[in-house]
1. Here are some conditions: (1) in contact (Cβ under 8 Å) with a residue 60 or more places away in the chain; (2) surrounded by fewer than 15 Cβ atoms within 10 Å (Cβ to Cβ). T252 meets all but one. Which one does it not meet?
2. Answer yes if at least one residue in the stretch 97-107 is of a type in the set (F, W, Y), outside any helix (DSSP H, G or I) and without any contact (Cβ under 8 Å) to a residue 24 or more places away in the chain, and no otherwise.
3. Of all the residues that make up the stretch 154-211, how many are without any contact (Cβ under 8 Å) to a residue 12 or more places away in the chain and charged (D, E, K, R)?
4. Does L226 count as closer than 14 Å to Q275 by Cα, in contact with a helix residue (DSSP H, G or I) (Cβ under 6 Å, 6 or more places away or on another chain), surrounded by fewer than 21 Cβ atoms within 10 Å (Cβ to Cβ) and in contact (Cβ under 8 Å) with a residue 12 or more places away in the chain?
5. Can you name the condition, by its number, that L132 falls short on among (1) in a helix (DSSP H, G or I); (2) over 27 Å from A77 (Cα atoms)?
6. Step by step: first the residues of the stretch 132-144, then only those that are under 14 Å from R67 (Cβ atoms) and more than 20 Å from the chain's Cα centre (by Cα), then the one that is modelled with the lowest pLDDT. Which residue is that?
7. Could you say whether any residue in the stretch 179-195 is under 18 Å from W107 (Cα atoms), loosely packed, with under 15 Cβ neighbours inside 10 Å and not hydrophobic (A, V, I, L, M, F, W, C)?
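The values are calculated or read from the model by the stated rules, or taken from the named source; none is laboratory data. These numbers were taken from a predicted model, which means no experiment stands behind them. Reconstructed Cβ throughout: ideal geometry from the backbone, glycine too, with neighbour counts over all protein chains shown.
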Amino acid sequence: MDMETIFPMGFPPATAFYLSFYALTLLIHVVFINYVLGGSVYMLAAGWLDYREGDPERENVVASVLRDWMPFALGLAITAGVAPLLFVQVLYQIQFYTANLLLFHRWMAILPVLMVAFYLVYFSKTRLAQRLPHVGWVVLSGVIFAGFLFIAFSWTENHVLSCQPAGEWKSFYVSKRWFFQDREVLPRVALWLVGSVSNMITLVSWQLLCMQFSQAQKTELEVKRLSILAMATLVLAVVCGGIYLMVLSPETRQAVFGPLARIYLLAAGAGVVMQLAAWASQMRYSRFRAAWLVLASVGGVLMTLGVIVAREAVRLASFTPEQLKALLGQHARVETKGGFVCFLFFFLVNAAFIAGAIYLVKRNKMFARN
């Protein structure tokens with residue numbers, strides 16, 4: 001379906017507003033999710049490699065930082081997920097709720113899995129967890145990663161199911177299957193999973209940069225290791241993105257490269273190039289440099305935002321013109337209800353509380369060291 005033909009003047013104001021704020025709030029949510037999901041990947045890999053190398057006592061600075069901050073980042077990810085969850089219900093009410101109901105038990109399983117992963121992340125910081133044998137720590141990290149991977153898989157499965165035509169919904173309901181099998185699901189999960197690692201590396205590198213100033217922490221090995229890992233995951237993300245585009249139908253692929261998402265797809269590509277250049281330059285130094293981390297951060301934002309917009313282009317391409325017109329009418333009706341001022345107020349209040357919490361944690365750590 002050609003969006004330019006249906007909307008020659010662009011989306012109506014209400015739809016454009018909700019799509020824009022959905023993309024922006026989802027971007028904030030994804031940043032924290034990347035830290036948690038990518039962090040769980042790193043902690044599992046670091047624990048396993050240390051175990052294989054027979055050096056369980058060796059300190060891994062990055063894993064230590066992740067262990068300290070992942071509980072807080074998970075709390076931020078959950079809090080930041082409220083806004084995009086509200087916007088997606090406004091934008092795609094029927095499709096979103098239908099997918100939820102069709103998956104039912106599988107969808108509701110997210111809550112207990114999230115609770116277990118949430119408490120295990122906090123448990124990993126305790127002294128009891130630190131006294132676990134190394135193989136126990138690897139198992140603990142594996143369970144945490146499996147929990148977050150299950151949640152990521154479930155959200156992807158829900159999203160892909162919501163984009164299916166009504167006939168596919170009926171056949172899935174009649175089959176009484178718990179899992180929705182589609183060729184899009186695994187490439188999408190792989191793309192988000194690999195991308196989360198590269199974004200996590202940027203975030204944790206900023207933390208290590210602060211450690212260089214406050215603790216004179218020796219991070220020479222981590223600079224090279226993280227730079228190489230970031231470049232490798234970026235290349236792998238591009239490969240996963242290419243595989244995902246290959247499994248799409250020609251019509252859907254046309255929507256990704258069409259007017260709606262084309263410029264954002266180019267921005268995502270530019271973001272990947274910027275990050276590769278930043279990490280290739282950073283690797284030449286023995287300490288983290290703010291200039292290269294800024295470049296990597298800007299590139300990461302462009303890459304993530306571009307993928308988010310392309311994702312919505314794929315979703316919109318699954319609708320018929322009649323369905324789109326019905327959605328537009330729904331958006332216009334919702335806009336008359338107001339509530340944006342209230343949303344913005346509490347958004348700013350929550351942001352202030354989160355910033356205050358980070359400041360208090362950093363201040364208390366400085367007092368403890370002194």
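1. All conditions pass for T252, except number (2).
2. Of the stretch 97-107, the ones of a type in the set (F, W, Y) are 97, 104, 107.
From the residues that got through so far, the ones that are outside any helix (DSSP H, G or I) too are 104.
Still in the list and also without any contact (Cβ under 8 Å) to a residue 24 or more places away in the chain: 104.
The answer is yes, given that some residue of the stretch 97-107 is of a type in the set (F, W, Y), outside any helix (DSSP H, G or I) and without any contact (Cβ under 8 Å) to a residue 24 or more places away in the chain.
3. Result for the stretch 154-211: 4.
4. Working: closer than 14 Å to Q275 by Cα: yes; in contact with a helix residue (DSSP H, G or I) (Cβ under 6 Å, 6 or more places away or on another chain): yes; surrounded by fewer than 21 Cβ atoms within 10 Å (Cβ to Cβ): no; in contact (Cβ under 8 Å) with a residue 12 or more places away in the chain: yes.
For L226, the condition - closer than 14 Å to Q275 by Cα, in contact with a helix residue (DSSP H, G or I) (Cβ under 6 Å, 6 or more places away or on another chain), surrounded by fewer than 21 Cβ atoms within 10 Å (Cβ to Cβ) and in contact (Cβ under 8 Å) with a residue 12 or more places away in the chain - is not met.
5. Looking at each condition in turn, L132 falls short on (1).
6. L132
7. So far as the stretch 179-195 goes, yes, one or more of its residues are under 18 Å from W107 (Cα atoms), loosely packed, with under 15 Cβ neighbours inside 10 Å and not hydrophobic (A, V, I, L, M, F, W, C).
Listed here are the residues, each with its yes/no results for (1) charged (D, E, K, R); (2) in contact with a strand residue (DSSP E or B) (Cβ under 9 Å, 6 or more places away or on another chain); (3) within 21 Å of A351 (Cα to Cα); (4) at pLDDT 85 or above.
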position: A14; (1), (2), (3), (4): no, no, no, no
position: L24; (1), (2), (3), (4): no, no, yes, yes
position: V30; (1), (2), (3), (4): no, no, yes, yes
position: V36; (1), (2), (3), (4): no, no, yes, yes
position: S40; (1), (2), (3), (4): no, no, no, yes
position: A45; (1), (2), (3), (4): no, no, no, yes
position: V62; (1), (2), (3), (4): no, no, no, yes
position: L66; (1), (2), (3), (4): no, no, no, yes
